[in-house]
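Taking it in order: structure first as structure tokens, then the write-up.
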Amino acid sequence: MTTSRNRVVETALGPVRGRERGGIAEFLGIPYAAPPRGAGRFAAPEPHAPWAGVRDATAAGPTAPQAARRLGSIDMSPYFGSGWIRGADYLAVNVWTPRSRADGARGLPVMVFVHGGGYTAGSTSAPLYDGTAFAREGVVLVTVGYRLGVLGFLDLPDAPRNRGLLDVVAALRWVRENIAAFGGDPGAVTLFGQSAGATIVAAVLATPGAAGLFGRAVVQSGSGLGAFSPEQAARVTHAAARELGVGARADAFAALPDERLAEVVPRLSGIDLRTPGAYDPLMGLSPFGVVLEVQPAQAPPAAVDLLLGTTTQEGNLYPSSDGEDALATAARAHPDPHGLLAAYRAAARPGAPDAEVRSAVLGDALFGRGTWALAEAYAAAGRRTFHYEFDWRGALGAAHAVEVPFLFGRTELPGLRGEQGLLGPGTVPGGLAERLRAAWVRFARTGDPGWAPYGTGGRTTMRIGEEWVALSDPRGVERRAWAH
């Protein structure tokens, strides 16, 4: 039986009490910004007031307001958590660190994780994101809660844009100021995220105010072309205002309670976001996302090392969207889906069944195209860039998000197994989780995950599965199909 005991660490705002179990100290729900209340819900994050006495950090805190989110019949609760847990102090971080470092030693690499959930769901309380396995590798692991949906990403003319992204930047500032007290090196910070969290990471790379807060980044199934244009975001804003019966201004939305702002999110699906200059980068799967004038892959590359990639069959997690066939979703979102399908059938996947082709189109539209573009931009600028493709196949094949349980060492979670679990009912390969996590930790320490960098000439990709195989430009046909 593992025993636990309290650990106290002094932060800039006051002391926090965590708990230590099995040599790992865990601190949950430490605020990095003031609670968003009233009109402040639509403002940039503000500093949190100091507290008197020792603040308890032994239990998970509240989560950002959110509505339930499902993806077909697959159980996504390990990823999204149990939903909205009420409470004001949800702009908070969780920290895991080796016990000896919580006692005052210094200098471990720091990894800061941004969860996914389509910009509308998820939390650091989800069981998947326990940082114990990373801490056992000698890393200080931080997970970040941020504003979601209307509060985080609705674009309003009288409010700061991308408030959820600003939250992440504020959390990085908290890390710079406080992580040494937990044994971390504030000069050795890696920002990483998955899905929506990864696209937020890509957008942070293009955010001038984040420069110098981290030196490495990992983009797992995100996109460097995944941002809405201001014109697209305005359509969502006006639709939300109509649904709620208010003006399209922050002061009008601020008069509504969090419950109404969360409940409106599912009613915003189906908005046509195609414009003469842009397709829907989220293919109808979410009405919210980061909003940028210039896509991250088209902005000047940040001065960071970059590790990025996708799963081999990303689109398999999205066979339908609210009962709609994936091809219909693509047709609504992309200016020429049938031409793209023809390119895939003729060049990329000869003889592939329609379901496989539809999945490939959706996966590459959501993640592949934007990942390739970001890799190309960073490699061309001389940044150390490493590319991977995760190919282990669970219940839905090598689908979106299947790598995350391996990375966090949580493949045993019941919600991931069985007929409705993303990993399926079979066994998982021994050693894959440890090897994957070791590569990410090595990248955080050295800027090199253990394989050749991605260059615009060789385009080395590490295909990760039960076997690890380094390939040169393995999906060049698809990349060229997207380029036309």
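The values are calculated or read from the model by the stated rules, or taken from the named source; none is laboratory data. Note that the structure is a prediction, hence the values are computed from the model and not measured. Because the Cβ atoms are built from the backbone with ideal geometry, glycine has one as well, and the counts that use them run over all protein chains shown.
Looking at the structure I just gave you, is T461 touching an Asp or Glu at 6+ places or on another chain (Cβ under 7 Å), crowded, with 20+ Cβ neighbours inside 10 Å and either part of a strand (DSSP E or B) or at pLDDT below 95 (or both)? First the steps, then the outcome.
Details: touching an Asp or Glu at 6+ places or on another chain (Cβ under 7 Å): yes; crowded, with 20+ Cβ neighbours inside 10 Å: yes; either part of a strand (DSSP E or B) or at pLDDT below 95 (or both): yes.
Yes; evaluated as a whole, the condition is true for this residue.
Have a look at A346, A377, A330 and point out the one that is of a type outside the set (D, E, K, R), modelled with pLDDT under 60, part of a helix (DSSP H, G or I) and within 29 Å of H115 (Cβ to Cβ).
From the options A346, A377, A330, the qualifying one is A330.
In the range 82-103, which residue that is farther than 22 Å from L13 by Cα and hydrophobic (A, V, I, L, M, F, W, C) is surrounded by the most Cβ atoms within 10 Å (Cβ to Cβ)?
W84
Within the range 262-278, work out how many residues are of a type outside the set (D, E) and under 22 Å from A68 (Cα atoms).
We begin by selecting, within the range 262-278, every residue of a type outside the set (D, E); these are 262, 264-271, 273-278.
If we keep only those that are under 22 Å from A68 (Cα atoms) too, we end up with 262, 264-271.
Residues flagged as of a type outside the set (D, E) and under 22 Å from A68 (Cα atoms) within the range 262-278 amount to 9.
Restricting to the range 153-177, name every residue that is buried (at least 24 other Cβ atoms within 10 Å of the Cβ), closer than 18 Å to A239 by Cβ and either modelled with pLDDT under 95 or in contact with a Phe, Trp or Tyr (Cβ under 6 Å, 6 or more places away or on another chain) (or both).
F153, the sole residue that qualifies.
For residues in the range 260-296 being out of contact with any helix residue (DSSP H, G or I) (no Cβ under 9 Å at 6 or more places or on another chain) and outside any loop (DSSP other than H, G, I, E, B), which is nearest to G38 (Cα to Cα)?
E263
Within the group G209, G222, which residue is in contact (Cβ under 8 Å) with a residue 40 or more places away in the chain and over 25 Å from Q313 (Cβ atoms)?
Selected residue: G209, the only one of G209, G222 that is in contact (Cβ under 8 Å) with a residue 40 or more places away in the chain and over 25 Å from Q313 (Cβ atoms).
Pairs only if they're at least six apart or on different chains, beta carbon under 6 angstrom, first in the range 170-199 and over 28 Å from P78 (Cα atoms), second assigned to a helix (DSSP H, G or I); list them, first residue then second.
From the range 170-199, the pairs are G183/R101; P186/R176; P186/I179; P186/A180.
Among the residues in the range 20-32, are any touching a His at 6+ places or on another chain (Cβ under 6 Å) and not basic (K, R)?
Restricting attention to the range 20-32, the residues satisfying the condition of being touching a His at 6+ places or on another chain (Cβ under 6 Å) are 31.
Among the residues that remain, those that are also not basic (K, R) are: 31.
Within the range 20-32, one or more residues are touching a His at 6+ places or on another chain (Cβ under 6 Å) and not basic (K, R).
Being assigned to a loop (DSSP other than H, G, I, E, B), buried (at least 17 other Cβ atoms within 10 Å of the Cβ) and out of contact with any strand residue (DSSP E or B) (no Cβ under 6 Å at 6 or more places or on another chain) narrows it down to one residue among A34, A44, A49; which is it? Spell out the reasoning first.
Working: A44 fails: buried (at least 17 other Cβ atoms within 10 Å of the Cβ); A49 fails: buried (at least 17 other Cβ atoms within 10 Å of the Cβ).
Answer to the check: A34.
Cβ contacts < 8 Å: first residue part of a strand (DSSP E or B), restricted to the range 71-100; second residue of a type in the set (K, R), any location; separation 6+ or different chain. Result?
Here the result reads P98/R136, each pair linking the range 71-100 to a residue that is of a type in the set (K, R).
Would you tally the residues in the range 124-159 being assigned to a loop (DSSP other than H, G, I, E, B), touching a residue at least 60 places away in the same chain (Cβ under 8 Å), touching a helix residue (DSSP H, G or I) at 6+ places or on another chain (Cβ under 9 Å) and at negative phi? Let's see the steps before the verdict.
Step one: filter the range 124-159 for residues assigned to a loop (DSSP other than H, G, I, E, B), giving 124-126, 130-131, 137-139, 145-148, 154-159.
From what is left, the residues that are touching a residue at least 60 places away in the same chain (Cβ under 8 Å) are 124-125, 130-131, 137-139, 145-148, 154-159.
Right, trim to touching a helix residue (DSSP H, G or I) at 6+ places or on another chain (Cβ under 9 Å) and you get 137-139, 145-148, 154-159.
Applying the additional criterion that residues be at negative phi yields 137, 139, 145-148, 154-159.
The number of residues fulfilling the criteria is 12.
Need pairs with beta-carbon distance below 6 Å; first residue within 22 Å of G363 (Cβ to Cβ) and within the range 265-280, second of a type in the set (S, T, N, Q) and surrounded by 13 or more Cβ atoms within 10 Å (Cβ to Cβ); sequence gap 6+ or separate chains.
L273/Q232; A278/S229
Scan the range 181-217 for residues that are surrounded by fewer than 20 Cβ atoms within 10 Å (Cβ to Cβ), touching a strand residue (DSSP E or B) at 6+ places or on another chain (Cβ under 7 Å) and assigned to a helix (DSSP H, G or I) and report the count.
So the count comes out to 1.
Filter the range 241-259 down to the residues that are touching a helix residue (DSSP H, G or I) at 6+ places or on another chain (Cβ under 8 Å), touching a residue at least 40 places away in the same chain (Cβ under 8 Å) and charged (D, E, K, R), then identify the one that is surrounded by the fewest Cβ atoms within 10 Å (Cβ to Cβ).
The selected residue is D251.
Among the numbered criteria (1) buried (at least 23 other Cβ atoms within 10 Å of the Cβ); (2) out of contact with any helix residue (DSSP H, G or I) (no Cβ under 6 Å at 6 or more places or on another chain), which single criterion is violated by Y79?
(2)
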